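Below you'll find the structure, written out as structure tokens, and then a few comments.
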Amino acid sequence: MFCSVVSSLLEYFSDPMRIVYFMHYVELVARGVIEQYCFDVSILFLTNDLCFGHRPGKQHPERPERLSAVQEGAVLSDLGSSLVHVEAERIERKEILQVHDAGFIEELERVDAQGGGRIDPDTKMSEHSWEAAQISAGAGIQAVRELTEGSYNASFCAVRPPGHHATSNQSMGFCFLNNVAIAAKHLVDAGQRVLIVDYDAHHGNGTQEIFYEEPNVFFVSFHEWPLYPGTGKVEEAGVGQGLGTTINIPFPSRTTGDHYRKAWEQIIQPKIALFDPSWLIISAGFDSHRNDPVASLGLTSGDYAVLTSEIIKAVPPGRRLVFLEGGYDLEALRLSTAAVLRTLAGDPLHPEKPTQNGPGKEAVESIAKFHARNS
Ligand SMILES: [Zn+2]
């Protein structure tokens with residue numbers, strides 16, 4: 001009996017691909033067991049009331065009330081003592097210089113010293129903006145440190161101004177410093193492989209530019225097309241050593257959540273598996289919500305929960321970092337923050353139903369064809 005079992009097993013595993021699938025299955029089961037039993041599910045919520053001090057103007061969509069809505073979303077998540085509030089700290093200058101040019105920083109300091117001013121048509125510095133920008137960037141480094149020490153399952157950085165449009169030498173699109181890129185660079189310099197997933201409605205042009213040639217950062221952006229800033233075409237896929245580590249998923253207006261999930265499963269996930277990231281940073285823009293006033297995608301807070309629950313599987317607990325980017329409808333911000341926080345804690349909340357059957361099917365098919373031709 002024993003011998004026949006052994007010989008059946010040997011025959012079954014004579015196909016090397018079956019060994020690969022079996023090992024993958026063992027890894028998935030082990031990760032599930034570790035997640036279930038070995039981690040206290042506690043989420044670090046980094047914020048700082050000094051981030052209210054950035055006031056780009058009364059009519060500006062990137063207003064301080066956004067942060068209040070996100071903080072209310074944390075209460076709505078009802079995570080109790082599992083959500084640990086910590087004050088975000090200001091970044092050190094040397095960390096900024098790992099990503100941004102010295103001359104560019106000096107120019108921002110000069111505008112700050114004169115009490116503020118306009119940096120580009122959309123981006124205005126007020127009296128306390130530079131302080132808020134340095135705290136927003138500092139939150140990522142702090143989150144990495146806290147997560148590395150091993151006491152949290154994930155971290156959510158509830159800070160503003162946002163960062164994903166800021167390039168190495170230019171502030172734009174409401175962003176001064178690229179918060180996510182600074183955290184990712186800090187990790188890459190420590191030998192890590194970083195996956196950045198940006199589901200803000202706008203293309204994360206700054207993050208893409210900073211890591212376009214970097215093989216240890218895999219950048220994925222879902223965004224509306226056409227829309228500001230006009231970058232993020234499917235053909236933008238990295239250059240040099242970074243070729244293949246950028247994926248852009250431009251979607252038409254009113255795209256529903258089912259097409260995001262399909263793009264993730266069919267196009268992105270197989271490439272992520274090969275990249276094998278050790279850390280994940282999500283550029284969490286909630287302006288892909290269907291009620292957002294500055295974009296016109298079709299997601300709900302429930303879609304943000306479903307999508308986030310898939311994305312976080314790319315890395316183990318303790319290596320997951322979420323950064324607030326855009327999102328200009330206060331109720332959508334509140335609900336989506338609660339949904340994402342609960343998802344990070346392993347108990348997803350769907351304040352609104354996930355969406356399906358809207359536009360986006362043809363976009364996924366054509367992007368999949370592009371990647372099939374070029375892989
Ligand atoms: Zn945006």
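The values are calculated or read from the model by the stated rules, or taken from the named source; none is laboratory data. Small disclaimer: the values here were computed from a predicted structure and weren't measured. A quick note on method: Cβ atoms are made from the backbone with ideal geometry, for glycine too, and the neighbour counts reach across all protein chains shown.
Take ALA154 and decide whether it is more than 16 Å from the ligand (Cβ to nearest atom) and under 18 Å from LEU195 (Cα atoms). Lay out the reasoning, then the answer.
Numbers: more than 16 Å from the ligand (Cβ to nearest atom): yes; under 18 Å from LEU195 (Cα atoms): yes.
In short, yes.
For the range 276-314, which positions are closer than 19 Å to HIS259 by Cβ, within 16 Å of the ligand (Cβ to nearest atom) and assigned to a loop (DSSP other than H, G, I, E, B)?
GLY285, ARG290, ASN291, ASP292, ALA295, SER296, LEU297, GLY298
Please go through (1) more than 25 Å from ALA143 (Cβ to Cβ); (2) in a loop (DSSP other than H, G, I, E, B) for LYS271 and return the number of the only condition it doesn't satisfy.
Result: LYS271 passes all but (2).
Just checking, how many residues over the range 47-94 are at negative phi and either among the basic types (Lys, Arg) or not in a helix (DSSP H, G or I) (or both)?
27
On the basis of being modelled with pLDDT of 95 or more, away from the ligand (no atom under 14 Å from the Cβ) and assigned to a loop (DSSP other than H, G, I, E, B), does VAL322 make the cut?
In short, no.
Kindly indicate whether any position in the range 233-256 is within 16 Å of the ligand (Cβ to nearest atom), surrounded by fewer than 16 Cβ atoms within 10 Å (Cβ to Cβ) and either assigned by TED's automatic domain parsing to the domain that holds ALA158 or charged (D, E, K, R) (or both).
Within the range 233-256, not a single residue is within 16 Å of the ligand (Cβ to nearest atom), surrounded by fewer than 16 Cβ atoms within 10 Å (Cβ to Cβ) and either assigned by TED's automatic domain parsing to the domain that holds ALA158 or charged (D, E, K, R) (or both).
Restricting the range 192-207 to residues that are within 14 Å of the ligand (Cβ to nearest atom) and not in a loop (DSSP other than H, G, I, E, B), which is surrounded by the fewest Cβ atoms within 10 Å (Cβ to Cβ)?
Among those that are within 14 Å of the ligand (Cβ to nearest atom) and not in a loop (DSSP other than H, G, I, E, B), it is ASN205.
Looking at PHE218, PHE222, can you tell me which residue is of a type in the set (Phe, Trp, Tyr), more than 16 Å from the ligand (Cβ to nearest atom) and not in a loop (DSSP other than H, G, I, E, B)?
One residue alone meets the criteria, PHE218.
Based on this model, can you work out whether ILE249 counts as more than 25 Å from GLY73 (Cα to Cα) and assigned to a strand (DSSP E or B)? Outline the logic, then answer.
Details: more than 25 Å from GLY73 (Cα to Cα): yes; assigned to a strand (DSSP E or B): yes.
So ILE249 passes the test.
Give GLY163, GLY140 a once-over and let me know the one that is surrounded by 24 or more Cβ atoms within 10 Å (Cβ to Cβ) and either more than 16 Å from the ligand (Cβ to nearest atom) or not in a loop (DSSP other than H, G, I, E, B) (or both). Lay out the reasoning, then the answer.
Numbers: GLY163 fails: either more than 16 Å from the ligand (Cβ to nearest atom) or not in a loop (DSSP other than H, G, I, E, B) (or both).
Among GLY163, GLY140, only GLY140 is surrounded by 24 or more Cβ atoms within 10 Å (Cβ to Cβ) and either more than 16 Å from the ligand (Cβ to nearest atom) or not in a loop (DSSP other than H, G, I, E, B) (or both).
Spot the failing condition for SER336; the list is (1) within 27 Å of ARG145 (Cβ to Cβ); (2) in contact with an Asp or Glu (Cβ under 8 Å, 6 or more places away or on another chain); (3) within 14 Å of the ligand (Cβ to nearest atom), and only one is missed.
The failed condition is (2).
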